[in-house]
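Read the structure below first, then the notes.
The values are calculated or read from the model by the stated rules, or taken from the named source; none is laboratory data. Everything numeric in this text was worked out from a predicted model, so none of it was measured. In this analysis, Cβ positions are derived from the backbone assuming ideal geometry, glycine residues included, and neighbour counts consider all displayed protein chains. Note: areas computed on protein heavy atoms with side chains; ligands, DNA, RNA excluded. Shrake-Rupley method; radii C 1.70, N 1.55, O 1.52, S 1.80 Å.
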Amino acid sequence: MKTEKKPMWHETWNGYIALLKQKVLPALGCTEPVSTALAAAYAAELLGKTPEILEIYVSGNLLKNGMGVGIPGTGEVGLPIAAALGALGGDSQQGLQVLSSVNEVLLASAKQMVLDGKVTISVKETDSVLYSEVIAYSGDDKARVIIKDDHTQVTLKQLNDKIVFSEQNGASGFGSTTSNNPVLSIADIYQFATTADLDKLQFINQSAELNKALSDDGLNKEYGLQVGRTMQKNITKGWLSDDLAISAMMRSSAASDARMDGAMLPAMSNSGSGNQGIAATMPVVAVAEKINATEEQLTRALILSHLSSIHIKSHLNSLSALCAATTAGTGSSAAIAWLLGGKLPEVENAIFNMFGDVSGIFCDGAKTGCSLKVSTSASSAVKAALMAIDGIRVTCNEGIIEQCIEKSIDNIGLIASNAMQETDKMIIEIMNSK
């Protein structure tokens, strides 16, 4: 009698699932101003009454990503309005969707608070590239909250002179990070994504649902630079063909257009960034739709993309001068190579090709122009995958590329986290002097 073969599952894969659920989360709005809004919401809740004044200190990198980006549902940009909204009506329990309760009454109060000069933003010298400190005042009382190193990781709560919570006392709760993350490699990620029990992977499909809705919104409305809508219009004119690369660019950039201009729809983020989540999702979705992939193929491809993106991004600082849409797009390229029939060698070759192509794109803050970089990464993801399928890869004789894929990922991390620090400082200096 033939026994039914049980689905493959390794104990270490439970750690992969936990990591994905920790790093792939819904986020409403750009995650840097949202992180400040979250700190403000915590401070207001700790204060126990409506704040009258907000004093905010952020890292240079957080300021860079909060200066010019649209805040959902407001028609406004920047950290002050985000912080005011978080303090006056944000729900800290919603994490990266803290601003989901924005309404006209709340918005009017927040705008008045900013207009009255009751919200101040200052740069703090800190070793943490991601840092938000909010001090909320009401009468003689004040509450202080610090979020650092991760967009939702609270490390200090202080009411007047009493420390209510500090990171030494334990995990901060919602979205806190852990040092027990599993050790990853592209080979292990590939095996997990392509052979693990499908029922345990279904949760990743929410990334396609959320980011597709955002993409559809971006194609239907005039958000930001309208990169996706421009491509859609020129397909209709016959000036562009609706092929794999254009479709990936159009669907990805449309989602970024909407998100960066303040659409009231959440993105599924990756590693704390909505644009990374879009770049790891929408090129895969676009290609899957074009080739009529099965639901199982799409699910496994999304797992491969998101977890590869997390693995590569883990070698970088949480915020850096390297545009992380490129690292997330690299995850997409690996998944596209698999969707097109590739195996592990082709998946790795796609990653090599991406590193040889878009690894030098720098980040000059969150803004509507990010949709251009997302579209570039999406186009490169398809190109790199097609080359990989034909057995073509950037060789170890060229630039920063090694023969080993993991050493190449290490090199990307070294450049982004070490060599590009001076680039980052100059970008922030230029932005602050405008």
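Over all Cα atoms in the chain, the spread is summed up by Rg and Dmax: 21.5, 79 Å. Counted residue by residue at 0.36 nm each, then reduced by the alpha carbon distance between them, the extension gain from Asp199 to Asn103 reaches 30.7 nm. Within the accessible area of the chain, what % is carbon and sulfur when the probe is 1.4 Å and the other protein chains stay in place? Summing carbon and sulfur atoms, their accessible area is 51 percent of the total for the chain.
Shape call for the range 183-251 from the C-alpha gyration tensor, a ≥ b ≥ c root eigenvalues: rounded (a/c under 1.5), prolate (a/b greater than b/c) or oblate? Here the range 183-251 falls in the prolate category. Among Leu225, Leu302, the sequence by solvent-accessible area, most first, with a 1.4 Å probe is Leu225, Leu302. Given the range 224-290 reduced to its alpha-carbon atoms as identical point scatterers, what log10 I(q)/I(0) does the Debye formula return at q = 0.12, 0.21, 0.27 Å⁻¹? Result of the Debye calculation: -0.30, -0.84, -1.15. The fraction of all Cα pairs in the range 354-396 landing in successive 5 Å bins from 0 to the largest distance is 5, 20, 26, 20, 14, 8, 5, 1, given as whole percents. For the range 332-431, the fraction of C-alpha pairs farther apart than 18 angstrom is 53 percent.
Fraction of C-alpha pairs exceeding 20 angstrom in the range 189-332: 46 percent, rounded to a whole number.
Here the chain carries DSSP beta bridges of which approximately 85% are antiparallel, counting only pairs with both residues inside. Note on the range 280-355: with charges restricted to the Cβ of Lys and Arg (+1) and Asp and Glu (-1), its dipole about the Cα centre is near 140 debye.
The label-point distance for Glu209 and Met264, in a model that sets each label 7 Å from Cα toward Cβ, rounds to 2.1 nm.
Between Glu167 and Glu11, the contour length at 0.36 nm per residue exceeds the Cα-Cα span by 53.2 nm. For the range 91-132, rounded, prolate or oblate, judged on the Cα gyration tensor with a ≥ b ≥ c (square roots of eigenvalues), a/c < 1.5 rounded, else prolate if a/b > b/c? Because a/c hits 1.5 or more and a/b fails to exceed b/c, the range 91-132 counts as oblate.
Going through the cross-link list Lys142/Lys162; Lys64/Lys313; Lys124/Lys373; Lys64/Lys425; Lys237/Lys367, which pairs have a Cα-Cα distance over 22 Å in this structure? Lys124/Lys373; Lys237/Lys367, as the Cα separations exceed 22 Å there. Note down the Stokes-Einstein diffusion coefficient of the range 260-357 in µm²/s, whole number, using a Kirkwood radius over alpha carbon pairs, 4 °C, and 1.567 mPa s. Approximately 96 µm²/s, per Stokes-Einstein. Based on protein heavy atoms only, the chain ends up with 41 Å² per residue of surface accessible to a 1.4 Å probe. Label-to-label distance, Cys404 versus Ala419, with points set 7 angstrom from Cα along the beta-carbon direction: 1.9 nm.
Using C-alpha pairs below 8 Å separated by at least 6 residues, the relative contact order for the range 1-152 is 34 percent. Each of Leu201, Asn211, Ser132 was scored by the projection of its Cα onto the charge dipole of the range 119-261, and the greatest displacement toward the positive side belongs to Asn211; charges sit on the C-beta of Lys, Arg, Asp and Glu. The largest accessible area among Leu219, Leu386 belongs to the first residue in Leu386, Leu219, and the rest follow in falling order (1.4 Å probe, all chains).
Judged by the gyration tensor of its Cα atoms, with axes a ≥ b ≥ c, the range 111-162 is oblate; a/c meets the 1.5 cut and b/c is at least as large as a/b.
A crude spin-label estimate for the pair Asp242 and Thr50, with each label 7 Å from Cα along the Cβ direction, gives 5.1 nm. A viscosity of 1.567 mPa s and a temperature of 4 °C, combined with the Kirkwood radius over C-alpha pairs in the Stokes-Einstein formula, give the range 1-147 a diffusion coefficient of 79 µm²/s.
Rounded to the nearest 20 Debye, what is the dipole magnitude of the chain about its Cα centre when Lys and Arg each give +1 and Asp and Glu each give -1 at the C-beta?
480
The separation of the range 231-302 from the range 26-67, counted between C-alpha centres, amounts to 29 Å. Lys21 to Lys124: FRET efficiency via 1/(1 + (r/R0)^6), r the Cβ-Cβ distance, R0 30 Å, to the nearest 0.05? Rounded to the nearest 0.05, the efficiency is 0.45. Taking all protein chains together, Met250, Met426 sort by accessible area into Met426, Met250, largest first [probe 1.4 Å].
Once fully extended, how much extra length lies between Asn234 and Lys343, figured as 0.36 nm per residue of separation less the alpha-carbon to alpha-carbon distance?
On the way: separation 109, 0.36 × 109 = 39.24 nm, distance 3.47 nm.
Once the chain is fully extended between Asn234 and Lys343, it gains 35.8 nm.
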